[in-house]
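Have a look at the structure below, then the notes.
Every number in this text was worked out from the coordinates using simple rules, so none of it is lab data. Note that this is a predicted model, so its numbers are computed, not measured. A quick note on method: Cβ atoms are made from the backbone with ideal geometry, for glycine too, and the neighbour counts reach across all protein chains shown.
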Amino acid sequence: MQKLIDGARKLGINLNDKQITQFKLYYQELVNWNKKFNLTTITDYQEVQIKHFLDSLTVTLALTKEELRQPGFSIIDIGTGAGFPGIPLNIFLPESRLVLLDSKAKKATFLQHIIEQLELSHAEIVVGRAEEIAHQPLFRQIFTLVVSRAVASLPTLVELALPFCQIGGEFVAQKKGKIKQEVIQASKAIESLGGKLKQVKKIELEELSDERYLIIIDKIYPTPEKYPRHPGIPVRRPILGGE
Ligand code: SAH
């Protein structure tokens with residue numbers, strides 16, 4: 001795990017022995033399960049350390065150390081797939097609550113196995129579509145941090161993610177490549193859902209030099225009850241426009 005250890009240090013994270021063991025186990029299980037289930041195209045040992053594990057940990061750059069360690073800190077990962085970025089974040093912050101949300105039951109089977117193997121006692125899995133789960137009072141507007149990687153374009157993603165975020169909390173979307181247009185197009189969705197764009201932060205790490213960004217959005221107002229709209233609508237008819 002040397003590549004991950006070195007990279008994490010550049011993010012200000014010193015992984016302890018327990019965390020390194022957890023990442024090793026996560027890697028082994030990911031590659032094993034991947035033979036039967038389609039979980040990831042990245043399976044090389046070095047590559048997983050960088051493109052999955054370290055990349056997930058870059059989310060921590062969106063918050064201060066104090067914010068990350070505040071009591072009651074909670075995270076929901078929308079469309080987590082094989083657990084990215086949620087599980088690496090929970091390995092780093094084992095005391096925080098983590099909800100892993102995905103619409104595919106197959107992914108949940110793997111995730112359940114992982115949280116048991118890694119003994120992540122504050123992690124839980126929810127199977128369902130964000131459009132529906134976001135209307136349940138148990139999950140609506142309660143999370144300090146909402147994260148999501150590689151799920152949808154930003155205008156769609158904002159509608160799926162911001163309803164989960166508490167007022168004063170943040171939504172951090174991990175994005176790659178040319179994102180300027182996407183961010184401009186999401187302005188209206190951000191405002192309609194009760195958010196305010198805080199920052200577009202470029203990841204400055206030689207390990208991840210292929211133009212990766214964090215789109216950091218503050219939740220400043222409650223999300224109107226009508227959002228998110230019915231399953232499929234945020235993808236088919238995203239709220240577009242702005243600036
Ligand atoms: N975040 C992971 C997986 C990305 S693939 C990673 O970066 O590796 C996108 C995942 O989002 C899939 O597992 C898919 O099932 C899930 N997904 C897509 N739309 C969703 C929705 N509306 N609600 C919940 N999960 C969704």
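Checking every one of the trypsin sites (Lys or Arg not before Pro) in region 169-243 against DSSP loop status and a limit of 10 other Cβ atoms within 10 Å picks out Lys178, Lys226. Sequentially through region 226-236, phi angles give Karplus couplings (6.51, -1.76, 1.60; θ = phi - 60°) of 6, 10, x, 6, 4, x, x, 5, x, 7, 6 Hz, Gly and Pro residues having no value and appearing as x. Converting phi to 3J(HN,Hα) with the Karplus coefficients 6.51, -1.76 and 1.60 and the offset θ = phi - 60°, region 2-9 yields 4, 4, 5, 4, 5, x, 4, 4 Hz in sequence order, with x at every glycine or proline.
Over region 59-236, the ratio between the Cα radius of gyration and 2.2 N^0.38 Å evaluates to 0.96. Considering only beta bridges that DSSP places wholly inside the chain, some 40 percent are antiparallel. As a length-normalised measure over Cα pairs under 8 Å and 6 or more apart, the relative contact order of the chain settles at 17 percent.
Of interest is the spacing of the C-alpha centroids, which for region 2-76 and region 98-134 amounts to 17 Å. Take every Cα-Cα pair in region 1-142 and report what % of them are more than 18 Å apart. That tail contains 55 percent of the Cα-Cα pairs. If R0 is taken as 22 Å, the Cβ-Cβ distance between Ile167 and Gln199 corresponds to a FRET efficiency of 0.75. Its DSSP H runs of at least 4 residues, each contributing -39,500 (n - 2.57), put the calculated 222 nm mean residue ellipticity of the chain at -9000 deg cm²/dmol, to the nearest 500. How about region 8-103: which GluC sites (Glu not before Pro) there are in a DSSP loop, with at most 15 other Cβ atoms within 10 Å of their Cβ? Of the GluC sites (Glu not before Pro), the ones in loops of region 8-103 whose Cβ has at most 15 other Cβ atoms within 10 Å are Glu95. Using a cutoff of 8 angstrom between alpha carbon atoms and counting only pairs six or more residues apart, the relative contact order for region 56-153 works out to 33 percent.
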